[in-house]
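Colleague: Before we start, here is the structure in question, set down as structure tokens.
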Amino acid sequence: MSDLDVGICNVTLSFGDQLRLDIPSLDLDPKRSTMILGPNGAGKSLLLRVMHGLSQPDTGTVNFPDQYEDRARQAMVFQRPVLLRRTALANISFALRVRGHSSQDARRRAMTWMMRAELDHLANVPARRLSGGEQQRLCMARALALEPKILFLDEPCASLDPNATVAVEALVQDAIDLGVKVIMVTHDPAQAQRLGSEIVLMHQGRIAAKQSKLDFFNSPQNYLVSSFLAGKPLLSNIKEPS
Amino acid sequence: MQNFAESFWFSLTLIVTGDSELWSIVILSLQVSLTAVLLAALIGVPTGALLAFGKFRGCQAITIFVNSLMGLPPVVVGLCVYLILSSSGPLGVLGLLYTPTAMIIAQTILIAPIIAALSRETIQAVHEEYRDQFTSLCLSNWQRLQALLWEARFPLLTALLAGFGRAIAEVGAVMIVGGNINHLTRVMTTSIALETSKGNLSLALALGTILVLIAILVNAAVAVIGMRRHEAMHV
């Protein structure tokens with residue numbers, strides 16, 4: 001692992017006697033967007049939580065390059081939008097004020113991001129009255145307004161229709177273009193292909209494969225990858241046919 | 001003996017004509033109970049918030065204790081406050097017994113656990129919802145508390161109204177520590193008890209009517225808050 005990588009070292013996490021995460025080593029390039037793929041229960045979201053510091057691993061460490069280390073340089077968007085009982089604009093300006101911006105500056109920046117997310121016409125609407133897609137775009141705008149170095153995305157399009165998905169993906173692409181390191185969990189290979197540079201496949205709490213996008217889709221590293229891409233269920237006792 | 005209809009009619013006249021004795025009793029009741037709600041809120045809401053964060057030893061035990069205090073019998077509270085404030089009690093020198101202050105103290109003790117328990121439940125539910133997001137946004141504990149209190153503002157207001165409902169309708173504690181002294185510590189509930197025993201049903205009924213009206217107003221206020229919150233989708 002180089003000092004410039006986001007590195008995971010000997011991370012394990014168990015719930016009761018169930019080992020939910022077991023990652024001896026994983027290095028992620030901070031310059032490329034990472035898509036974490038895998039079936040339900042593979043430990044994708046848990047890995048994201050551990051990296052962002054929301055869950056403590058039983059063992060192991062997560063290392064970030066210097067300027068990425070502080071959680072204040074990171075942001076996260078959850079699968080279900082978490083919004084305050086305030087207006088859409090106030091949701092963003094609240095996050096900015098927490099980070100030390102004056103209320104005038106926070107409001108101005110919030111409005112800029114509302115515009116970028118094409119939500120400016122809804123600035124004064126209570127956030128919880130927005131549609132599911134608008135709410136998730138608002139969460140994206142709030143995360144991006146914080147100008148993070150790393151953006152963790154936990155299946156942000158999981159419950160969205162295709163139009164809303166396209167709108168959220170556009171914001172993710174914006175973040176990638178701005179040079180933000182995006183680490184995104186998804187179970188949709190097509191989405192990973194659209195947004196990712198490197199792809200990690202997880203299975204039963206372990207890293208089943210890590211490849212560049214091109215290799216992942218064209219020359220799968222192993223049988224698990226090809227099975228996943230073929231849409232076959234990844235059973236617990238799956239083995240490569242001899 | 002007056003019949004019910006006559007008494008009721010007379011009681012309405014007393015209310016409408018603004019009978020000074022009647023209204024002085026009503027105003028004192030409101031003063032005592034509103035002050036008690038304010039004090040109980042100052043004690044109960046921070047206590048509830050502290051218990052909702054619940055990261056210290058014995059938090060669970062204190063929560064159970066506070067929850068069980070919700071059912072405190074008013075007469076027992078009255079008795080305890082009486083013993084403390086009576087001339088031979090530890091705070092007897094203050095000379096507070098049989099004053100509105102004593103009644104405020106008794107009602108505050110009675111409703112602070114209700115407000116604390118309801119606040120804890122409310123704040124805990126809201127905290128569960130925002131815990132990860134707030135951690136992700138790097139909120140300090142103080143910022144977290146402020147944000148939670150604001151996010152839980154509607155249910156917290158409902159908790160205060162619940163406390164007020166209990167305070168204004170309570171009779172046992174204020175009777176013991178206030179003494180039901182005319183023009184000094186006579187409130188609606190103690191007057192109703194006294195006037196009924198004297199057979200002065202019209203004044204008792206007039207006060208009863210106002211008490212019920214206040215109860216309806218409090219409930220209506222809770223309903224309106226609920227509706228406004230729903231309208232704004234601040235649910």
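Colleague: Expressed as a rounded percentage, what relative contact order does chain A have, with Cα pairs under 8 Å and six or more residues apart?
Modeller: That works out to 25 percent.
Colleague: In addition: Would you list which aspartates and glutamates come within 12 Å of residue A:44, measuring only between C-alpha atoms, while excluding same-chain residues fewer than 8 positions from it?
Modeller: Counting by Cα, and skipping residues close in sequence, residue A:44 has these aspartates and glutamates nearby: A:22, A:154, A:155.
Colleague: Okay, moving on. With +1 on the Cβ of every Lys and Arg and -1 on the Cβ of every Asp and Glu, and nothing else charged, how large is the dipole of the stretch A:76-195 about its Cα centre, in debye rounded to the nearest 20?
Modeller: That gives the stretch A:76-195 a dipole magnitude of about 640 debye.
Colleague: Suppose every Lys and Arg Cβ carries +1 and every Asp and Glu Cβ carries -1, with no other charges. What dipole size does the protein assembly as shown come out with about its Cα centre, to the nearest 20 debye?
Modeller: About 260 debye.
Colleague: If you don't mind, there's one more thing I want to ask. Given the options B:68, B:87, B:136, which has the most mean-square fluctuation in a GNM of chain B, springs set between C-alpha atoms less than 10 angstrom apart?
Modeller: Checking each option, the largest mean-square fluctuation is seen for B:136.
Colleague: State the answer as a single residue: which of B:134, B:177, B:202 lies farthest towards the positive end of the charge dipole of chain B, with beta carbon charges of +1 for Lys and Arg and -1 for Asp and Glu, about the Cα centre.
Modeller: B:134
Colleague: Note the direction-averaged projected area, equal to a quarter of the hull surface, for the Cα convex hull of the protein assembly as shown, in nm².
Modeller: 31.3
Colleague: Report relative contact order for the stretch B:80-235 in percent, whole number only (criteria: Cα-Cα under 8 Å, sequence separation at least 6).
Modeller: 25
Colleague: Name the most mobile residue of B:167, B:36, B:125, meaning the one with the largest mean-square fluctuation, in a Gaussian network model of chain B with Cα contacts below 10 Å.
Modeller: Residue with maximal mean-square fluctuation among B:167, B:36, B:125: B:125.
Colleague: Taking the Cβ of each residue in B:79, A:26 as the centre, tally the other Cβ atoms inside 10 Å and list the residues starting with the fewest.
Modeller: B:79, A:26
Colleague: Given H placed 1.01 Å from N in the peptide plane, which residues other than close sequence neighbours of residue A:58 have an amide H under 5 Å from its amide H?
Modeller: Residues meeting the amide H criterion: A:12, A:13, A:14.
Colleague: Separate question: Cβ neighbours within 10 Å, averaged per peptide: list B:193-201, B:141-149 in order, most packed at the top.
Modeller: Packing proxy ranking, top to bottom: B:141-149, B:193-201.
Colleague: So how far apart, in nm, are the two label points at residue B:215 and residue A:29 if each is 7 Å from Cα heading toward Cβ?
Modeller: 7.3
Colleague: Residues of B:15-27, mean number of Cβ from any other protein chain within 10 Å of their own Cβ, rounded to a whole number?
Modeller: Per residue, the average neighbour count from other chains is 0.
Colleague: Sticking with this structure for a sec: In cubic angstrom, how much convex hull volume per residue do the alpha carbon atoms of chain A span?
Modeller: 132
Colleague: Would you mind checking the radius of gyration and Dmax of the stretch B:110-157 based on alpha-carbon positions, in Å?
Modeller: Cα-based Rg and Dmax for the stretch B:110-157 come out at 11.5, 39 Å.
Colleague: If you place +1 on the Cβ of every Lys and Arg, -1 on the Cβ of every Asp and Glu, and leave all else neutral, what size is the dipole of the stretch B:3-162 about its Cα centre, to the nearest 20 Debye?
Modeller: Using Cβ point charges on Lys, Arg, Asp and Glu, the stretch B:3-162 gives about 620 debye.
Colleague: Over all residues in A:82-90, what is the mean tally of Cβ atoms on other chains that come within 10 Å of each residue's Cβ?
Modeller: The mean count of partner-chain Cβ atoms within 10 Å per residue comes to 4.
Colleague: Assuming 0.36 nm per residue, please report the length gained on full extension of the stretch residue A:178 to residue A:56 beyond their Cα-Cα distance.
Modeller: Length difference between fully extended and current span is 40.9 nm.
Colleague: Give me the inter-chain shielding for B:126-133: mean count of other chain Cβ atoms within 10 Å, whole number please.
Modeller: Across B:126-133, the average partner-chain Cβ count within 10 Å equals 4.
Colleague: Now, a different point. Rounded, prolate or oblate: pick one for chain B, where a ≥ b ≥ c are the square roots of the eigenvalues of its C-alpha gyration tensor, a/c under 1.5 means rounded, and failing that, prolate if a/b is larger than b/c, else oblate.
Modeller: oblate
Colleague: At R0 = 22 Å, how high is the FRET efficiency between residue B:79 and residue B:181 if r is their beta carbon distance? Nearest 0.05 is fine.
Modeller: 0.75
Colleague: Suppose the chain between residue A:159 and residue A:212 were pulled fully straight at 0.36 nm per residue; how much longer would it get relative to their current alpha carbon spacing?
Modeller: So the extension gain works out to 16.4 nm.
Colleague: Whole-Hz ³J(HN,Hα) for each residue in the stretch B:165-171, computed from phi via Karplus 6.51 cos²θ - 1.76 cosθ + 1.60 with θ = phi - 60°, x for glycine and proline: what do you get?
Modeller: Running phi through 6.51 cos²θ - 1.76 cosθ + 1.60 with θ = phi - 60° gives x, 5, 5, 5, 8, 7, 10 Hz.
Since every read-out is calculated from the coordinates, none of them should be taken as a lab result. Bear in mind that the values here come from a model prediction, so they are computed numbers and not experimental data. In this analysis, Cβ positions are derived from the backbone assuming ideal geometry, glycine residues included, and neighbour counts consider all displayed protein chains.
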